[in-house]
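Report on one structure; see the data block that follows.
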Amino acid sequence: MLYWRALVAGFLLFTWGGLGVSVVTNKLPPCEFPAIYNFGDSNSDTGGISAAFEPIRVPYGEGFFHKPAGRDSDGRLIIDFIAESVKLPYLGAYLNSLGTNFRHGANFATGGSTIGKPNETIYEYGISPFFLAKIASDRDKLPRQEDFAKALYTFDIGQNDLSVGFRKMSFDQLRAALPSIVNQLASAVQNIYQQGGRAFWIHNTGPIGCLPTNFFYNHNPPPGYLDDHGCVKDQNNMAVEFNRQLKERVIKLRTELPEAAITYVDVYATKYDLIGNAKTLGYADPFKVCCGYHENYDHVWCGNKATINNTEVYGASCKDPSKSISWDGVHYTQAANQWVANHTLYGSLTDPPIPITQACHRQ
């Protein structure tokens, strides 16, 4: 059982990743999470989509794992840094049951996953058929039942619900659908709580309007189309509204689930800050893709080959991914993922302001 504890907070300022990061310190004891169960999309997929469909190919993974590791990055994802921070092994994908050790949890994320039931196929835009509501209520796939109540449950999903909406709906229709999407995520949390889960770490969605893919076929956006950071304004506004409703729903969940410790994590703020201050922080142009060939209107995705003007072109990696923010136009580099992790895992951008190592304590 989780108990109410008063937060005795102080703030320790230290330099990490080029900026001062506020770290919340308090008298709460660290949590001993025996396992992590993660629910998400390609931003936290550690091999699910590779196991279900086509394996991710080189040069993915080569920056850290020295081979493809089922991750849409050159190396580690935010979920990998979460595992490191609570001293647990990297999560294996639950779809990759052969040779995977689930003793310390499992990763239910799959690339392309949505919160709600998708209305596109994996073959159209890469939208996965493994949607959150189905997975989160399927207890039979969760190992280590004795650790279920002590585990940490992480969520990093919602981006694909918005991206599908941008393709299939008007902005007014998508805005009207947001409450239903948010409520489905809340239902997943409620299902896990009813089965014994108590500690929840919920990311909001990032600034989708800043993804370089937005500009692959739109090189000359009209006046007013972009915001101050050069991102698609209307898309980011929709992400902000989604995040506002998600936060309100998390606050409501705390009253509905009296023994749950639910932390809302503002990933949007730190990603947007990183993109807006890329040059100051020593990164390359945040809209420049590290891996892949994207010149004019010719595009060869990371790790693929194509013939352009009778010449075979390979979508190779840039020379130094550690200086890039965007890995392949949709996903972040390991360096960017680490920067985001360093700025969200210690309480400065969470509600309540608590580090992930103490996320089992209800505030």
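If we keep just the residues of the stretch 279-294 that are at negative phi and in contact with an Asp or Glu (Cβ under 7 Å, 6 or more places away or on another chain), which is most open to solvent (accessible area, probe 1.4 Å)?
Once the filter is applied, the top-ranked residue is Val289.
Identify, please: which residue in the stretch 192-226 is open to solvent by 20 Å² or more (accessible area, probe 1.4 Å) and among the polar types (S, T, N, Q) and is, among those, farthest from Gln358 (Cα to Cα)?
Restricting to residues being open to solvent by 20 Å² or more (accessible area, probe 1.4 Å) and among the polar types (S, T, N, Q), the top hit is Asn220.
Table: residues versus (1) touching a residue at least 40 places away in the same chain (Cβ under 8 Å); (2) of a type outside the set (D, E, K, R); (3) closer than 22 Å to Lys319 by Cβ; (4) in contact with a strand residue (DSSP E or B) (Cβ under 9 Å, 6 or more places away or on another chain).
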{"site": "Phe216", "(1), (2), (3), (4)": "yes, yes, yes, yes"}
{"site": "Asp234", "(1), (2), (3), (4)": "yes, no, no, no"}
{"site": "Lys247", "(1), (2), (3), (4)": "yes, no, no, yes"}
{"site": "Ala261", "(1), (2), (3), (4)": "yes, yes, no, yes"}
{"site": "Tyr264", "(1), (2), (3), (4)": "yes, yes, no, yes"}
{"site": "Gly276", "(1), (2), (3), (4)": "yes, yes, no, no"}
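Can you tell me how many residues within the stretch 282-303 are in contact (Cβ under 8 Å) with a residue 24 or more places away in the chain and under 25 Å from Arg71 (Cα atoms)?
Counting residues in the stretch 282-303 that are in contact (Cβ under 8 Å) with a residue 24 or more places away in the chain and under 25 Å from Arg71 (Cα atoms) gives 15.
Going by what's in this entry, would Ala188 be described as in a helix (DSSP H, G or I), open to solvent by less than 30 Å² (accessible area, probe 1.4 Å) and either of a type outside the set (S, T, N, Q) or farther than 22 Å from Lys252 by Cα (or both)?
yes
Quick one: is Gly329 in contact with a Pro (Cβ under 6 Å, 6 or more places away or on another chain), over 22 Å from Ser163 (Cα atoms) and not β-branched (Val, Ile, Thr)?
Spelling it out, it is not the case that Gly329 is in contact with a Pro (Cβ under 6 Å, 6 or more places away or on another chain), over 22 Å from Ser163 (Cα atoms) and not β-branched (Val, Ile, Thr).
Looking at (1) within 23 Å of the chain's Cα centre (by Cα); (2) of a type in the set (A, V, I, L, M); (3) surrounded by fewer than 19 Cβ atoms within 10 Å (Cβ to Cβ), which one does Leu345 not meet, given that it meets all the others?
That leaves (3) as the condition not met.
Pairs please, first residue from the stretch 28-52 and under 11 Å from Gly112 (Cβ atoms), second anywhere and assigned to a loop (DSSP other than H, G, I, E, B) and open to solvent by 10 Å² or more (accessible area, probe 1.4 Å), Cβ atoms under 6 Å, 6+ apart in sequence or on different chains.
Ser42/Asp72; Gly48/Leu95; Ala52/Leu95
Of (1) part of a loop (DSSP other than H, G, I, E, B); (2) under 20 Å from the mean Cα position of the chain (by Cα); (3) under 27 Å from Trp301 (Cβ atoms); (4) modelled with pLDDT of 90 or more, Lys87 satisfies all except one. Which?
If we test Lys87 against (1) part of a loop (DSSP other than H, G, I, E, B); (2) under 20 Å from the mean Cα position of the chain (by Cα); (3) under 27 Å from Trp301 (Cβ atoms); (4) modelled with pLDDT of 90 or more, just (3) comes out false.
Taking only the stretch 23-58 into account, find how many residues are over 29 Å from Cys360 (Cα atoms), out of contact with any helix residue (DSSP H, G or I) (no Cβ under 9 Å at 6 or more places or on another chain) and surrounded by 17 or more Cβ atoms within 10 Å (Cβ to Cβ).
2
Among (1) open to solvent by less than 10 Å² (accessible area, probe 1.4 Å); (2) in contact with a Gly (Cβ under 8 Å, 6 or more places away or on another chain); (3) at pLDDT below 95, which single condition is Leu95 missing?
(1)
Quick one: would you say Lys271 is of a type in the set (Lys, Arg), closer than 26 Å to Phe65 by Cβ and more than 21 Å from the chain's Cα centre (by Cα)?
Spelling it out, it is not the case that Lys271 is of a type in the set (Lys, Arg), closer than 26 Å to Phe65 by Cβ and more than 21 Å from the chain's Cα centre (by Cα).
Gly61 fails exactly one of the following numbered conditions: (1) in a helix (DSSP H, G or I); (2) at pLDDT 95 or above; (3) open to solvent by less than 10 Å² (accessible area, probe 1.4 Å); (4) not polar (S, T, N, Q). What is the number of that condition?
The number of the failed condition is (1).
Step by step: first the residues of the stretch 230-263, then only those that are touching a Ser or Thr at 6+ places or on another chain (Cβ under 8 Å) and within 30 Å of Lys288 (Cα to Cα), then the one that is surrounded by the most Cβ atoms within 10 Å (Cβ to Cβ). Which residue is that?
Selected residue: Phe242.
Consider only pairs whose beta carbons are under 8 Å apart and that are at least six residues apart or on different chains; among these, list those whose first residue lies in the stretch 67-80 and is farther than 16 Å from Thr110 by Cα and whose second residue is aliphatic (A, V, I, L, M).
Filtered contacts from the stretch 67-80: Lys67/Val58.
The values are calculated or read from the model by the stated rules, or taken from the named source; none is laboratory data. The model shown is predicted, which means the values in this text are computed figures rather than measured ones. Positions of Cβ are generated from backbone atoms using ideal geometry, with glycine treated the same way; all protein chains shown enter the neighbour counts. For accessibility, only protein heavy atoms count, side chains too; no ligands or nucleic acids. Shrake-Rupley method; radii C 1.70, N 1.55, O 1.52, S 1.80 Å.
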